[in-house]
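K.L.:
Before I ask anything, here is the structure I am working with.
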Amino acid sequence: MSGLIVAGLRVGLVGTGIDVVDDIDLTLRPGEIVGLVGESGSGKTTVGTALLAYARDGAEIEAGQVLLAGEDVLAKPWREVRDLRGTRLAYVPQDPAAALNPSIRIGRQLVELMELRNMGTTPSRLEDARRGLVEVGLPDTDEFLRRYPHQLSGGQVQRVALAMAFMPRPDVLVLDEPTTGLDVTTQGMVLDTIAALCESHDVAALYVTHDLAVIANIADRVAVMYAGRIAELGPREAVFNDPRHPYTRMLLDAIPHLSHARALKGIPGSTPAPGARPAGCRFSDRCPEVIEACRTQEPEPVLIPAPGPADTNGTESGDKHTSRCLRALELGTWDINTGTVADADPEKPRTTLLEVSGLNVFYGRKQVIHDVSFDVATAEVVALVGESGSGKTTIARCIGGLHRQWSGTISFDREELAKKPRGRRRDQRKRIQYIFQNPYLSLNPRHTVERIVRRPIDLFGIASGSEAQDRVESLLASVALGSRTMRLPVSRLSGGERQRVAIARALAAEADLLVCDEITSALDVSVQGSIVELLEELRLSRGISAVFVTHNLALVRSIAVRIEILSQGRIVESGPVATVMEEPREAYTQQLLASTPTIEPRG
């Protein structure tokens, strides 16, 4: 096994001279996992795919080397590169379902992979497929092999993708956000599988993600990207315990903690697009530590001395801790933000706004929710937490009027809500707004951002003319979207940007209750921090309430006062967030907490 060396990599937009990523140096060593983190638009995926000599339409690899066993992958003819992909260089995409053929059974797809790669013999391939499934913790039964991809859970599909990546025994593995959207228990199983396989097979892995808590639990070394360049690089402990780039520090301040509630801090502004990046340091226009030299002088990576009496940093090139910051050596000791959430007293007097009582929900003849009861007070956030399939979203859809087959009562402001949206009054529909998990499906891709956000303003007669226009601009600014996006069609936006548009649309209706269905699961931690800040501000200033559906228990600690833990359609534990998370009674809650990634040391 040889690992991989990346030197001077540059990917640019064709014919423009504008870089997407530039000056990328990385070493991936056998058996190690390097985490590549940063906000959307930082260039993480561009770097990841460039290791396979691939650039998306409109971009090209302009300079640099990707050395595999001393040979430059980028200099090889197309046919040789194609042969390397899937054998010595493997890739696991964010959406594994898109990589599997929905019309072909799982067993057949595994066998076809081996046929394509000339692996094994015709009689042995089926047994090799079984071994590959066992290796990633899946059944090797005939029944499982006969399943189609749509008959598997998200975690199972992801592990099938991992099996397909590891079966050819690659030297290098690129993982592009492989656990985004998975519940914490499934995510934990997938992460454990990745770590075990990389170690046992001496595979060098690049793990691309926006989730620093995941990286803290799986990576040996961490590269933090910003605006197309590596801002900080080093061993995991050095980057997390002694970050020397202001951007890294601000990212860490945006991560929620399991051990205590704290007000999250978003990063003001947004990542500049290629061609619109500032002179000098690319982070200068968002940096709280900026000095005049930062605006004109491009920083080079600075070696950070290792703590202790002797400087042992850099004894191996892959162990260096570097920061691309002019002030890296003069920045003081970093203390993580520990500000507590304001006004989060669960014992204060409550005025009930939403009451769910004896809720039973059905899909046809199958009952999926059993006798669920809870309430939400004015200016209060209640979290619904559980694994995929626990019933969180089903309950949320009933509250929003999106599922009709239920019994029991749902009352809003002391009035019982009708099951069907048309049976609810106009003011009830206005006051309860639903924010969906998947903005690709909840927003019309042909409509502009302005039209989407303005629609509730016009529909409910909130404002008109220039006042409505001003409201749209203000709402977009509140979710960290600039006015430049107003006239863009939604199809031009990233997933994170689309979700922010969906949140702005819900806020445009001046709702009293937001039903938030996993709304931050695909967002960068910095944007997630900004959204949590915004929801907290709205809760305090306008008394907005929220039902917050999530599988992220650490996030719950920073946004909710009360929590309902769901398993198989039943509430198994509930109460004040601090009580449930510090003294969980149920084994299921304890398992969820144990599976939640965190940057904090575990006791």
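The values are calculated or read from the model by the stated rules, or taken from the named source; none is laboratory data. Everything quoted here is computed from the prediction, not taken from an experiment. Cβ sites come from the backbone with ideal geometry, for glycine too, and all protein chains shown count toward neighbours. With ligands, DNA and RNA removed, areas are computed over all heavy atoms of the protein, side chains included. Shrake-Rupley method; radii C 1.70, N 1.55, O 1.52, S 1.80 Å.
K.L.:
Any chance you could list P(r) for segment 351-395, counting all Cα-Cα pairs in 5 angstrom bins from zero, rounded to whole %?
P.N.:
5, 19, 25, 24, 15, 8, 3, 1
K.L.:
Return the Rg/Rh ratio of segment 388-427 with Cα-based radii and a Kirkwood Rh.
P.N.:
0.98
K.L.:
Further question: What ranking, highest mean first, results for peptides 535-541, 97-103 when packing means the other Cβ atoms within 10 Å averaged over each residue?
P.N.:
Packing proxy ranking, top to bottom: 535-541, 97-103.
K.L.:
Give me the one-decimal Kirkwood hydrodynamic radius in Å for segment 553-601, with the sum taken over alpha-carbon pairs. Mind dumping the intermediate values first?
P.N.:
Values: mean 1/r = 0.0896 Å⁻¹.
By the Kirkwood definition, the hydrodynamic radius is 11.2 Å.
K.L.:
Something else: Give me the tail of P(r) for segment 131-207 as a percent: Cα-Cα pairs with distance above 19 Å.
P.N.:
That tail contains 32 percent of the Cα-Cα pairs.
K.L.:
Carbon and sulfur: what percent of the chain's accessible surface (1.4 Å probe)?
P.N.:
48
K.L.:
Moving on. How far is it, in nm, from the label point at Arg108 to the one at Asn444 when both lie 7 Å from their Cα along the line to the Cβ?
P.N.:
Output for this residue pair reads 4.0 nm.
K.L.:
Let me ask another. Based on the alpha carbons, how large is the Rg to Rh ratio for segment 103-255 when Rh follows Kirkwood? If you can, show how the numbers build up before the last one.
P.N.:
On the way: Rg = 17.9 Å, Rh = 17.1 Å.
Ratio of gyration radius to Kirkwood radius for segment 103-255: 1.05.
K.L.:
Calculate how large, on average over all directions, the projected area of the Cα convex hull of segment 4-81 is; give the answer in nm² to one decimal.
P.N.:
If you wrap the Cα atoms of segment 4-81 in a convex hull and average its projections, you get 5.5 nm².
K.L.:
Compute the distance from the alpha-carbon center of segment 99-150 to that of segment 381-408, in whole Å.
P.N.:
Computed from Cα coordinates, the inter-centre distance equals 36 Å.
K.L.:
On to the next question. Full extension from Arg404 to Glu298: what is 0.36 nm times the residue separation minus their Cα-Cα distance, to one decimal in nm?
P.N.:
32.3 nm
K.L.:
Let me ask another. Tell me the volume per residue, in Å³, of the convex hull enclosing the alpha carbons of segment 189-283.
P.N.:
In segment 189-283, the Cα convex hull volume per residue is 127 Å³.
K.L.:
Moving on. What relative contact order, as a whole-number percentage, does segment 5-87 give when Cα pairs under 8 Å and 6 or more residues apart are counted?
P.N.:
Reported as a whole number, the value is 34 percent.
K.L.:
Please work out the average accessible area per residue across the chain, using the 1.4 Å probe convention, and give it in Å².
P.N.:
On the way: 25310 Å² over 603 residues.
Roughly 42 Å² per residue, with all protein chains present.
K.L.:
With +1 on each Lys and Arg Cβ and -1 on each Asp and Glu Cβ, how big is the dipole of the chain about its Cα centre, in debye rounded to the nearest 20?
P.N.:
2460
K.L.:
Among the lysines, select those whose C-alpha is under 26 Å from the C-alpha of Lys430, and discard any that sit fewer than 8 residues away in the same chain.
P.N.:
Filter leaves Lys392, Lys419, Lys420.
K.L.:
For segment 404-449, max minus min Cα coordinate along each principal axis, in Å, sorted largest first?
P.N.:
38, 23, 16
K.L.:
Per 0.36 nm of contour for each residue apart, how much would the distance between Ala477 and Thr378 grow if the chain were fully extended, relative to their Cα-Cα spacing?
P.N.:
Details: separation 99, 0.36 × 99 = 35.64 nm, distance 2.56 nm.
My answer for the length gained is 33.1 nm.
K.L.:
Does segment 80-176 come out rounded, prolate or oblate by the C-alpha gyration tensor, with a ≥ b ≥ c the root eigenvalues, rounded set by a/c under 1.5 and, if not, prolate when a/b is larger than b/c and oblate if not? Write out the running numbers ahead of the final one.
P.N.:
Numbers: a/c = 1.68, a/b = 1.17, b/c = 1.43.
The shape class here is oblate.
K.L.:
Quick one: if you stick a label point 7 Å off each Cα along the C-beta vector at Ala594 and Thr122, how many nm between them?
P.N.:
Going by the 7 Å Cα→Cβ label model, 4.8 nm.
K.L.:
Just the ratio, please: alpha-carbon radius of gyration of segment 505-603 over 2.2 N^0.38 Å, N its number of residues.
P.N.:
After normalising by residue count via 2.2 N^0.38 Å, the value is 1.14.
K.L.:
FRET efficiency for Asp427 and Leu459, Cβ-Cβ distance as r, R0 = 22 Å, nearest 0.05?
P.N.:
Using R0 = 22 Å, I get an efficiency of 0.95.
K.L.:
So in the chain, what percent of DSSP beta bridges are antiparallel if you round to the nearest 5?
P.N.:
In the chain, DSSP labels about 55 percent of beta bridges as antiparallel.
K.L.:
Another question, if that's okay. As a test question: what accessible area, to the nearest 10 Å², does Arg498 have when a 1.4 Å probe is rolled over all protein chains in place?
P.N.:
30
K.L.:
Right, next: So who's got an amide H within less than 5 Å of the one on Val302, skipping anything under 5 residues away but keeping other chains? H placed 1.01 Å off N, in plane.
P.N.:
So Val302 has HN proximity to Ser323, Arg324, Cys325.
K.L.:
Turning to a different aspect of this structure: Applying 1/(1 + (r/R0)^6) with R0 = 35 Å to the Cβ-Cβ distance of Ser466 and Asp57, what FRET efficiency is obtained, to the nearest 0.05?
P.N.:
Rounded to the nearest 0.05, the efficiency is 0.35.
K.L.:
If each Cα of the chain is one equal point scatterer, what is log10 of I(q)/I(0) from the Debye formula at q = 0.10, 0.11 Å⁻¹?
P.N.:
Rounded to two decimals, the profile gives -0.95, -1.14.
K.L.:
Do the sum for the chain: with -39,500 (n - 2.57) for every DSSP H run of n ≥ 4, divided by all residues, what is the mean residue ellipticity at 222 nm, to the nearest 500 deg cm²/dmol? Walk me through the intermediate numbers first.
P.N.:
Numbers: 21 runs with 196 residues, N = 603.
After summing the helix terms and dividing by residue count, I get -9500 deg cm²/dmol.
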